[in-house]
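Encoded as structure tokens, the structure appears first; notes follow it.
Every number in this text was worked out from the coordinates using simple rules, so none of it is lab data. Source: prediction; values computed, not measured. Neighbour counts are summed over all protein chains in view; Cβ atoms, including those assigned to glycine, are modelled from backbone coordinates with ideal geometry.
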Amino acid sequence: MQKISIKITVISLFIFLSSLIMLMMFYIQYIFSQELITQSVNDKVKLLSAKVENHIKYVNDLHENTIQNGSNFLEETSIEDFIKNKNTYIRQFTKILSNNKNIYSVYVGFKGDHFFELINLDIDKKLRTQYQASKDAKWLYIEIVNDKQQFLLLDGSLKTLSKKTEKTSYYSTTRPWYKEAIETGKVIKTKPYIFSNIKAKGVTYAKKINNTQNVFALDFLLNNINGILKEYEAGILENSFIFDKNGTVIASSNSTKQSEILGEIKRFISANPNKNTVMKNILIDNKKYIISIVPLGKEFLCTTSEISKLTIDYKSKMNNMMIIVVLILLTIVPLIFYFSSIIVKPILSLMKESIKVKNRNFDKVKLVDTNVLEIHLLSTSLLNMSTSIDEYQTNLETKVKERTLELYKINEELKLLSVTDKLTGLYNRMKLDVVIEEEVNRANRYDQKFGLIIIDIDFFKSVNDTYGHQVGDTVLVEFASILKESVRKTDIVGRWGGEEFIVISIESSLESTLKLANKIRENIEQFQFSIVKHKTASFGVSSYKRNEKIEETINRADKALYLAKESGRNQVMSLEKK
């Protein structure tokens, strides 16, 4: 098979790739552009519809559950009971509003036109201006009883900040949400409308309270859905709308072409009983648009994109890109010839030197003369490798031993850290559990005894409270030093937890353990601590009995320690007899 040089290979590959790139860009610009635009719009619509559908489903489920729970909470509640326990119900309303940031207000309408509502003042800044609410005000409570309307501004703890009373002609039983909820007995959702207390559009969810003629309801703002439309339409989608089955706009992204879109929506609803997704081109003001209509349960998502704007922007970018690509290719051509010539020769020389290394002729390896930095570096590395490979082989075993020793030392340090209390340097609880278990096994096997001393520093909390935790840590360190100096080398000292310490007296009877405890107690009592000066401790002592559970031994020491504290502290106590 005939061999091809690197130079020819590089040039051929460059020509092939350049031609391929130009053909692809031509195809994309003049043939595939319309498909790409349509696909881009379709992908954006899918993303937007999924986002909106999930949000609508989440909102409906959330608010239906909230309404159901609220109506259950108010079941069999009379107007007299509500007024009497008003604060309890208001707190329940605040929980609903706090847990659902898009709920504007919660209210209940009683038969007889009694009405109680709680409004979240943080939902809109205009509310504070309208009701002259201070920054401390969190809630607006409205109460309508006997044709009188009372406004109360409440802070976060439901304390009344201001109160206002006036006559009103508002009758809750005449409102559409009340009538529909009473008629259906189910959770109802109104069409979007402008709320009276805030210039914002929303919907009302309501339900009749079981066994009453009263209705529990909440108002939900549509601002969040509008925000989702604006966020996801940017760049490709020009306008987005959400409609109900009657063609009523629920949410929009401030479109100025709602009349034409509304006509398309109504035609879609009447012509598509199965509610299939539709994407087609339409004319609006003599301009071509791609319109997409996607069913979202009971609602519809409609988006529009002006084709001419998308095409102009797309083609402009593609033309600029093609010009740049052509200029780059023209610039690269002479460079390809130059670099292919200066690379081939040193590569061949480098190949010959590598064969010398392969044959272990290290003394014959030479540096390749080249202006190419990478080849020069590679040749230098090859030369250095050939001159040092013997040294590496010789010293490899020594280096492995050194690394192994270093790892061993590090592991030993880690072992020590894992069983040592960081502050006092004594054994920690994990290590003490292991030592105690070993002593239990030894005592059971050889019929030996060992003692336990649990020590608690008297009034240690007062040290932290008076001097601070840093002084408390100093006392613990000095206390640990006294314990280490007071015990035998064979005894084990550790920090049991907090200001409690433990001494394991190896091969020691109860009498010997008690003597050791009293010795430690005296040493502590006589010691001059650096800051607190004088400190005492209480001691609980027990002796391990063969084949008993160690928990019983520790429990006796704990009880003895408790007895020492109850008896006046600075004492050594044991529940066992010598």
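For the pair residue 419 and residue 577, a Förster radius of 30 Å applied to the C-beta separation gives a FRET efficiency near 0.30, rounded to the nearest 0.05. Proximity of backbone amide H atoms, modeled 1.01 Å from N, is registered between residue 149 and 166, 167, 168 at under 5 Å, excluding neighbours fewer than 5 places apart on the same chain. Here the label points at residue 167 and residue 434, each 7 Å from Cα along the C-beta direction, are separated by 8.8 nm in the simple model. Computed 3J(HN,Hα) for segment 471-487, one whole-Hz value per residue from the Karplus formula 6.51 cos²θ - 1.76 cosθ + 1.60 where θ = phi - 60°, is 5, x, 5, 4, 4, 4, 5, 5, 4, 5, 5, 4, 4, 5, 7, 8, 9, glycine and proline marked x. Kirkwood hydrodynamic radius of segment 56-224 from all distinct Cα pairs, in Å? Answer for segment 56-224: a Kirkwood hydrodynamic radius of 16.0 Å. Note that segment 565-571 has calculated 3J(HN,Hα) couplings of 5, 5, 8, x, 6, 6, 9 Hz, one per residue in order, obtained from phi through the Karplus relation 6.51 cos²θ - 1.76 cosθ + 1.60 (θ = phi - 60°); glycine and proline are x. Around the amide H of residue 239, modelled in the peptide plane, lie the amide H atoms of 304, all under 5 Å away and 5 or more residues distant in sequence or on another chain.
Beyond 22 Å, what percent of the Cα pairs of segment 429-574 remain?
That tail contains 36 percent of the Cα-Cα pairs.
The phi torsions of segment 286-293, fed into the Karplus equation with coefficients 6.51, -1.76 and 1.60 and a -60° offset, translate into couplings of 6, 10, 7, 10, 8, 10, 10, 10 Hz, rounded to whole numbers, with Gly and Pro shown as x. The amide H of residue 420, built 1.01 Å from its N in the peptide plane, has 428 as neighbours under 5 Å, considering only residues 5 or more places off or on other chains. Measuring against 27 Å, Cα to Cα, the residue pairs 101/126; 126/163; 51/201; 101/207; 101/191; 95/167 contain 95/167 as the ones spanning a longer distance.
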